[in-house]
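The values are calculated or read from the model by the stated rules, or taken from the named source; none is laboratory data. None of the values given here were measured: they were computed from a predicted structure. Positions of Cβ are backbone-derived with ideal geometry, glycine not excepted, and every protein chain shown enters the neighbour counts.
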């Protein structure tokens, strides 16, 4: 995989992924009519963490977030359509 580059946007991606993941979890846990939108926050979180983990060569996190991305697409489809 080579040398890990230090991108200035990595910290922002990491925190965006973390905060949107937390927001998605809170929405689903509240179990109200708008809870389904938690999957959109999860999708954004997964995308940000996919980019972050790819840049940082974190293959375990990258694999996990790619699977979560697919699960979130399924969640959006099942809950919203």
Which one of the conditions (1) within 23 Å of residue 8 (Cα to Cα); (2) touching a helix residue (DSSP H, G or I) at 6+ places or on another chain (Cβ under 9 Å); (3) surrounded by fewer than 16 Cβ atoms within 10 Å (Cβ to Cβ) does residue 49 fail to meet, given that it meets all the rest?
(3)
Would you point out which residue out of 81, 32 is surrounded by fewer than 11 Cβ atoms within 10 Å (Cβ to Cβ) and modelled with pLDDT of 95 or more?
32
Can you say whether residue 21 is within 16 Å of the chain's Cα centre (by Cα) and surrounded by 15 or more Cβ atoms within 10 Å (Cβ to Cβ), as far as the supplied structure shows?
yes
Given (1) on the phi > 0 side of the Ramachandran plot; (2) modelled with pLDDT of 95 or more, identify the lone condition not met by residue 61.
(1)
Condition (residue is under 9 Å from the mean Cα position of the chain (by Cα) and free of Cβ contacts under 8 Å to residues at least 24 places away in the same chain) applied to the range 48-62: is it met by at least one residue?
yes
